[in-house]
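Trainee: This structure is in structure tokens; I'll ask about it shortly.
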Amino acid sequence: MKKLYKYLLYVLPFTLCFSYFPVLSLGGNETMNFELSLPLLWLLVFDILSFVMICQKYRAEIFSKVFGSILWWLFPIFVTLSVIWSLNVTRGILTVGVMWLLFFAVIAFYELRENLDTRFWKVFWRWFFGSALFTCLWCVVQCVLDVFGVPQDTTLLCDGCVYQMFGFPHPNGFAIEPQFMGNLLLAPIFVSMYFYFKNNDKKYLLLFLTFTFTLFLTFSRGAIYACVVGLLFLFFFSCSRAKKTERKSVFFSILKVVGVFVISFVFALNLQGIFAAVSPTSDGYFDGVAKVVNHLSLGIIDVKTEEPSTVPKEISEPVENPVENQGKTEAVFDGYVAESTDTRVRLSKAAFDIWKKDFKTMAIGVGIGGAGQALYDNGLSPAPKEIVQNEYMSLLLETGVIGVSLFALILVLAVRVVLKKREIAGMVLALMVAYGVSLLFFSGLPNALQIVLLPGLFMMCVKK
């Protein structure tokens, strides 16, 4: 049983990479789709096995040992109770189910940490970096296949990822969207930095270069911004904790990392320009480069030679094999897509407006899973399936001030635990900060289980 437990953890990184492909569709209703992914199946199997092992370990004392501190359980208990007044009970029950599975998995990491010895971590890191490199390679392959006309059912690119949008593709890997692919790369980026600072081994800089290069290739602003904020936090944290004799060395290490980060951006920028020139669109190399800079800067930096169109060009039926077209076509977008940002801001504002309309909603929210229905009932979205796309505003609307306060308590408790792990505290905290920023750009965790699982697991790799 212990061997199976370790094997499940070894394959966790690979499993997380397949966050949407393959997926088992179980139908849906007017408010949500019912889908089962590999990470969710892994989570269920892991929790069942862990529960049996913890029961064998503690037997009659399991309740006092595992559920000893009530402070950790206030948030999940309150969220579970909120199903009672949820505007979407079905979605609420499923959300609560995933939440409890994630909470128990993190508990299992801690309670069964004696199985995570030095030998385990040596093998685990090989699987971890191997899965990340495999996914990075697939992302590049996706782009190459797309510009040469291979259809989407083979490349697995999402509808908004193909070259017709910007003139060059931006990969989503095996995730549902590029932002989730970019989110998956955050952990490898910060772990490779941790090992570089720890061992001063240049191979980790090369890994860092590969992961950040692929991050820029995904073209996900949310993941890229989150990475930058996390890196800045890690730099500050490392400098503040370094001894006077070590600060010079830490400073030069940070400079090298910054240099590699810039190089990875330049590599990705050039490749996106090349893809734009090679694709069947009318865009050339400099058009692709200009669009990247314009989009990532939110339209502030504009180096295009022509005035951008403010309205996207009409999209007809998807082109399965655009290479067959004899003439050049124009890309849908000329640069920064303001609609993407405007939609997120509009939905966040709508969620806030609903939350503040009465005291009950402000206190306890509309119930877990009810945000989409609340937006629709108030005429602020076209369909109940539309979500807030901001986890914090979604949490505020669904659980109110009480829920947000209890969530903040969980974060404080978690930070206190991380700070005790001095050797790895900087990396885990930086990763948590990056994940926290990324949650400003989407809501819901079924496609991003790594946000909870990986920080919880990484804390177990050192004893102090």
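Trainee: Looking at the range 105-120, which of the residues that are in a helix (DSSP H, G or I) and of a type in the set (D, E) is most open to solvent (accessible area, probe 1.4 Å)?
Mentor: Applying the first criterion (in a helix (DSSP H, G or I)) to the range 105-120 yields 105-111, 113-115, 118-120.
Right, trim to of a type in the set (D, E) and you get 111, 114.
Details: E111: 13, E114: 104 Å².
For the range 105-120, the residue satisfying everything is E114.
Trainee: Further question: Looking at W72, W85, can you tell me which residue is at pLDDT below 95 and open to solvent by 30 Å² or more (accessible area, probe 1.4 Å)?
Mentor: Working: W85 fails: at pLDDT below 95.
Exactly one of W72, W85 is at pLDDT below 95 and open to solvent by 30 Å² or more (accessible area, probe 1.4 Å), namely W72.
Trainee: Sticking with this structure for a sec: Quick check: is even one residue across the range 232-244 modelled with pLDDT of 95 or more, in a helix (DSSP H, G or I) and not hydrophobic (A, V, I, L, M, F, W, C)?
Mentor: The answer is no; no qualifying residue exists.
Trainee: Out of all the residues in the range 382-401, is one or more open to solvent by less than 40 Å² (accessible area, probe 1.4 Å), in a helix (DSSP H, G or I), touching a helix residue (DSSP H, G or I) at 6+ places or on another chain (Cβ under 6 Å) and β-branched (V, I, T)?
Mentor: yes
Trainee: Here's something else I'd like to know. Look through V79, V89 and report the one residue that is on the phi < 0 side of the Ramachandran plot and over 24 Å from the mean Cα position of the chain (by Cα).
Mentor: Details: V79 fails: over 24 Å from the mean Cα position of the chain (by Cα).
Going through V79, V89 in turn, the sole match is V89.
Trainee: Determine whether the range 219-232 contains at least one residue that is buried (at least 20 other Cβ atoms within 10 Å of the Cβ), within 27 Å of P171 (Cα to Cα) and of a type in the set (S, T, Y).
Mentor: yes
To keep it simple, each residue is scored yes or no on (1) aromatic (F, W, Y); (2) within 22 Å of H295 (Cα to Cα).
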site: L207; (1), (2): no, no
site: L217; (1), (2): no, yes
site: G222; (1), (2): no, yes
site: G230; (1), (2): no, yes
site: F235; (1), (2): yes, no
site: L255; (1), (2): no, no
site: V262; (1), (2): no, yes
site: A276; (1), (2): no, yes
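Trainee: Assess whether R422 counts as being open to solvent by 50 Å² or more (accessible area, probe 1.4 Å) and in contact (Cβ under 8 Å) with a residue 12 or more places away in the chain.
Mentor: On the way: open to solvent by 50 Å² or more (accessible area, probe 1.4 Å): yes; in contact (Cβ under 8 Å) with a residue 12 or more places away in the chain: yes.
So R422 passes the test.
Rundown of residues vs (1) among the aliphatic types (A, V, I, L, M); (2) touching a strand residue (DSSP E or B) at 6+ places or on another chain (Cβ under 7 Å); (3) modelled with pLDDT under 95, yes/no style:
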{"position": "W355", "(1), (2), (3)": "no, no, no"}
{"position": "M362", "(1), (2), (3)": "yes, no, no"}
{"position": "V366", "(1), (2), (3)": "yes, no, no"}
{"position": "Y376", "(1), (2), (3)": "no, no, no"}
{"position": "S394", "(1), (2), (3)": "no, no, no"}
{"position": "G400", "(1), (2), (3)": "no, no, no"}
{"position": "L406", "(1), (2), (3)": "yes, no, no"}
{"position": "L431", "(1), (2), (3)": "yes, no, no"}
{"position": "M459", "(1), (2), (3)": "yes, no, yes"}
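The values are calculated or read from the model by the stated rules, or taken from the named source; none is laboratory data. The structure presented is a predicted model; accordingly, all values stated were derived computationally and were not measured. Cβ atoms come from the backbone with ideal geometry, glycine included; neighbour counts cover every protein chain shown. For accessibility, only protein heavy atoms count, side chains too; no ligands or nucleic acids. Shrake-Rupley method; radii C 1.70, N 1.55, O 1.52, S 1.80 Å.
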